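Here is the structure we will look at, set down as structure tokens.
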Amino acid sequence: MNIQIFGMKKCFDTKKAERFFKERKIQFQFIDLNEKTMSKGELNSVLNSISINELINSKSKDYAKLNFNNIRSAEIKAELLLKNQKIMNTPIVRNGKEATVGYEIEVWNKWLENN
């Protein structure tokens with residue numbers, strides 16, 4: 001298992017995701033999106049598993065400011081998201097080519113069963 005957790009230290013769901021893997025003694029890499037941004041390759045890998053609309057936090061202050069609600073093109077949304085990563089829903093948990101957004105304990109348990 002190769003677990004990466006992208007999130008923010010102050011995010012409650014990110015803390016719960018970290019706790020989930022710690023309690024099961026699964027090593028993971030934590031990437032704080034406030035300190036280090038996701039690369040284009042990492043973002044594309046995540047977008048192969050989940051839709052871009054799941055990844056965008058429509059309740060974020062910057063959502064309306066960046067005019068996300070009027071953008072229809074997934075490519076343009078992805079470019080904007082790459083430059084403004086604080087608008088992402090967190091945590092984003094990657095396991096190889098699979099990814100989840102939010103607290104998805106059922107999916108993570110399946111990953112553990114298949115490991």
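The values are calculated or read from the model by the stated rules, or taken from the named source; none is laboratory data. What you are looking at is a predicted structure, and each value in this text was computed from that prediction instead of being measured. Cβ: placed from backbone, ideal geometry, glycine included. Neighbour counts: every protein chain shown. In case anyone asks, the SASA skips ligands and DNA or RNA and just uses the protein heavy atoms, side chains included. Shrake-Rupley method; radii C 1.70, N 1.55, O 1.52, S 1.80 Å.
Quick notes
- Identity of the residue in region 53-62, part of a helix (DSSP H, G or I) and at pLDDT below 90, that ends up least open to solvent (accessible area, probe 1.4 Å): 62
- Candidate set: region 28-52, residues that are outside any loop (DSSP other than H, G, I, E, B) and over 12 Å from the mean Cα position of the chain (by Cα); chosen: the one surrounded by the most Cβ atoms within 10 Å (Cβ to Cβ): 28
- Taken over region 19-36, residues that are free of Cβ contacts under 8 Å to residues at least 24 places away in the same chain and either on the phi < 0 side of the Ramachandran plot or of a type in the set (Asp, Glu) (or both) amount to 5.
- The residue of region 67-115 that is most open to solvent (accessible area, probe 1.4 Å), among those that are outside any helix (DSSP H, G or I) and of a type in the set (Lys, Arg), is 72.
- None of 75, 113, 104, 42 is at pLDDT 95 or above and at negative phi except 104.
- Residues of region 1-12 satisfying the condition of being open to solvent by less than 50 Å² (accessible area, probe 1.4 Å) and not in a strand (DSSP E or B): 8, 11
- Residue within region 75-98 that is in contact (Cβ under 8 Å) with a residue 60 or more places away in the chain and among the hydroxyl-bearing types (Ser, Thr, Tyr) present: yes
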